[in-house]
Amino acid sequence: MHINPIRHSTLLGLALLSLALLSRGCNKQAQPNLLFIFADDHSYEAIGAMGMLDIDTPNLDRLMENGTTFTHAYNMGSWTGAVCIASRTMLNTGTSVWRAPRNRRAFAEHIQKGDTWSQRLRAAGYRTYMTGKWHLPSKVEPLFDVVADVRPGMPADVPEGYNRPLNEADYQDGWKPWETQYGGFWEGGTHWSEIIADHAVDFLDRAAEEPDPFFMYLAFNAPHDPRQAPREYVEQYPLERVEVPTNFLTKYPYQDEIGCGAELRDARLAPFPRSEYAVKVNRQEYYAIISHMDAQIGRILDALEASGKADNTYIFFTADHGLAVGHHGLIGKQNMYEHSLRVPFIVVGPKVKKGATRAQSIYLQDVMPTTLDLAGADIPESVEFKSLLPLLQKNKGTHYEQIYGCYKSDLQRAMISGDHKLVIYPTIPATRLYNLKTDPEERIDLAGKPESAPILEQLHAEFKTLQATLNDPLLIED
């Protein structure tokens, strides 16, 4: 039989092309979708299912029930008062705090190399989507296939939202979270958290018909101040329901020396000295905006289910840092205490254990290499954070030997090693020491006790080694 070599070659080429396309399609089907939900100023304790606060978060509770919660997730800190900028820069580049790009030119170098989070997932075959808060020194549009909306670092604030409430009469006459005339989260006519959910639902409706795997970056501004929410959410928390933190102080002893006094914008939200009434109102409004955000997250989760994509989707929920809101006499996040360094971190997915917890200390930025791992993409050496898949699969071993924290170039440092946390205030100078196992609320400073001398010596030595590893520029004297 005579075989036409040209026709045979053509048929063979078509067959190989078909197999390649089929293989590519199978690979895309095998790659899981990635849904990243990011809150702003959300402390680890502020989820009902954590059992720490009387707060209503049925949809975050639902995530915890259906997935694995890392109970000790941290942010490294910040070189600036806007802690979220440092946190998000580390998240999107995979670099640690002192190596992260701090300006547009430095960030552009990462973009040119194609090594931002979204670029790496796009290269791995993902359709990338972003909506919400960006607050990084770059344009967002080139980094994602679809950008629905870009919001600034925080909604516009007004003078009426500060130094409040002085007392009950001042509250009655002053700013209210549900009053739309002040703008803020109400600017544009629809609460910003609701807009995030609207856009996410729209994308998921379209994604239901798309074969490509997707990466969704959904960044809420909530519960950042101005802590505005519909009135029914505020009234959900009458003040008798809101407890003052047990580590409440009217004034933090070193607030001015460590940059947390009246010069700090966040600190001026409540009056000095702190009162229990003012803290209750601020926490009431904090809980309300979280519960409102939770309702929007519920809409997103429902849309994911309706899309038919849920069974092949990994969901990650975390925040860029925590918030004090009255703990230790502090209001903002610019400190080294657990309420401000530590964030919620929940993972839900096809092979993730349900209703489980992991106690190992991690960084929230570990989500970036974890998604690369799930996508089957290489994790380059330039990414300094670690995939969480080993912990999700086996729950064995230590993820990091120590956890590092910092605020500005010279104001605050911290390290957690074992049960102990070392806090250093270099400009005072002063040192604080807490045993997080026996004193999780960090109320008992052990630094001045003679019996603490050996552990302090050991922790200082460990900290200096860790500093060198992370390129920390601060020189701390012995």
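The values are calculated or read from the model by the stated rules, or taken from the named source; none is laboratory data. Computed from a predicted model, the values in this text were never measured in an experiment. Quick reminder, even Gly has a Cβ in these numbers, built from the backbone with ideal geometry, and neighbours come from all protein chains shown.
Does residue 190 satisfy the condition of being assigned to a loop (DSSP other than H, G, I, E, B), surrounded by fewer than 17 Cβ atoms within 10 Å (Cβ to Cβ), at pLDDT 95 or above and in contact with a Pro (Cβ under 8 Å, 6 or more places away or on another chain)?
No; evaluated as a whole, the condition is false for this residue.
So which residues in the stretch 285-300 are touching a helix residue (DSSP H, G or I) at 6+ places or on another chain (Cβ under 6 Å) and surrounded by 19 or more Cβ atoms within 10 Å (Cβ to Cβ)?
Across the stretch 285-300, the qualifying residues are 288, 291, 292, 293, 294, 296, 297, 300.
So if I check each of 365, 360, which one is surrounded by fewer than 19 Cβ atoms within 10 Å (Cβ to Cβ), touching a residue at least 12 places away in the same chain (Cβ under 8 Å) and under 24 Å from residue 89 (Cα atoms)?
360
From the set of residues in the stretch 116-149 that are of a type in the set (D, E, K, R) and touching a Ser or Thr at 6+ places or on another chain (Cβ under 6 Å), which is nearest to residue 368 (Cα to Cα)?
So, considering only residues that are of a type in the set (D, E, K, R) and touching a Ser or Thr at 6+ places or on another chain (Cβ under 6 Å), the one nearest to residue 368 (Cα to Cα) is 122.
Got a sec? Which of 352, 325 is surrounded by 23 or more Cβ atoms within 10 Å (Cβ to Cβ) and assigned to a loop (DSSP other than H, G, I, E, B)?
325
Within the stretch 1-98, considering only helices (runs of 4 or more DSSP H) that don't extend past its boundaries, which have at least 2 residues that are at pLDDT 95 or above and among the aliphatic types (A, V, I, L, M)?
58-66, 83-93
Pick from the stretch 383-431 the residues that are at positive phi and not basic (Lys, Arg): which of them is surrounded by the fewest Cβ atoms within 10 Å (Cβ to Cβ)?
397
Could you grab the pairs with beta carbons closer than 9 Å, sequence gap of 6+ or different chains, first residue in the stretch 446-466 and in contact (Cβ under 8 Å) with a residue 40 or more places away in the chain, second one surrounded by fewer than 17 Cβ atoms within 10 Å (Cβ to Cβ)?
462/401; 463/476; 466/401
Given the criteria closer than 30 Å to residue 53 by Cα, in contact with a helix residue (DSSP H, G or I) (Cβ under 8 Å, 6 or more places away or on another chain) and free of Cβ contacts under 8 Å to residues at least 40 places away in the same chain, does residue 431 qualify?
It is true that residue 431 is closer than 30 Å to residue 53 by Cα, in contact with a helix residue (DSSP H, G or I) (Cβ under 8 Å, 6 or more places away or on another chain) and free of Cβ contacts under 8 Å to residues at least 40 places away in the same chain.
Test residue 330 against the stated conditions and say whether it is touching a helix residue (DSSP H, G or I) at 6+ places or on another chain (Cβ under 8 Å), within 27 Å of residue 153 (Cα to Cα) and assigned by TED's automatic domain parsing to the domain that holds residue 283.
So residue 330 passes the test.
Here's the yes/no breakdown for (1) within 20 Å of residue 290 (Cα to Cα); (2) buried (at least 19 other Cβ atoms within 10 Å of the Cβ); (3) not hydrophobic (A, V, I, L, M, F, W, C):
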site	(1), (2), (3)
54	yes, no, yes
63	yes, yes, no
70	yes, yes, no
80	no, no, yes
84	yes, yes, no
100	no, yes, no
107	no, yes, no
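Looking for whichever is of a type in the set (Gly, Ala, Ser) and under 24 Å from the mean Cα position of the chain (by Cα) here; the options are 219, 262. Which one fits?
Just a single option satisfies the conditions, and that option is 219.
Listed residues 455, 379; which is at pLDDT 95 or above, in a helix (DSSP H, G or I) and either over 20 Å from residue 366 (Cα atoms) or in the same structural domain as residue 366 (by TED's automatic domain parsing) (or both)?
455
Anything in the stretch 382-416 that is modelled with pLDDT under 95 and in contact with a strand residue (DSSP E or B) (Cβ under 7 Å, 6 or more places away or on another chain)? List them, or say none.
Once the filter is applied, which keeps residues that are modelled with pLDDT under 95 and in contact with a strand residue (DSSP E or B) (Cβ under 7 Å, 6 or more places away or on another chain), the stretch 382-416 yields 395, 398.
Listed here are the residues, each with its yes/no results for (1) of a type outside the set (Lys, Arg); (2) at pLDDT 95 or above.
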| position | (1), (2) |
| --- | --- |
| 118 | yes, yes |
| 121 | yes, yes |
| 125 | yes, yes |
| 146 | yes, yes |
| 158 | yes, no |
| 164 | no, yes |
| 169 | yes, yes |
| 200 | yes, yes |
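Look at residue 267 and say whether it is touching a Cys at 6+ places or on another chain (Cβ under 8 Å), farther than 24 Å from residue 64 by Cα and surrounded by 20 or more Cβ atoms within 10 Å (Cβ to Cβ).
yes
Can residue 366 be described as farther than 30 Å from residue 269 by Cβ and part of a helix (DSSP H, G or I)?
Taking the combined requirement at face value, the residue satisfies it.
Would you check which residues across the stretch 112-150 are in contact with a strand residue (DSSP E or B) (Cβ under 6 Å, 6 or more places away or on another chain) and assigned to a strand (DSSP E or B) and list them?
Across the stretch 112-150, the qualifying residues are 127, 128, 129, 130, 131, 132, 133, 146, 147, 148, 149.
Being in contact with a Phe, Trp or Tyr (Cβ under 9 Å, 6 or more places away or on another chain) and either outside the structural domain of residue 77 (by TED's automatic domain parsing) or in a helix (DSSP H, G or I) (or both) is the filter here; which residues of the stretch 259-277 pass it?
Scanning the stretch 259-277 gives 268, 269, 276, 277.
List every residue pair whose Cβ atoms lie under 7 Å apart, where the two residues are 6 or more positions apart in sequence or sit on different chains, the first residue falls within the stretch 271-287 and is over 22 Å from residue 56 (Cβ atoms), and the second residue, located anywhere, is of a type in the set (Gly, Ala, Ser).
Pairs found: 271/278; 272/262; 274/326; 274/329; 278/270.
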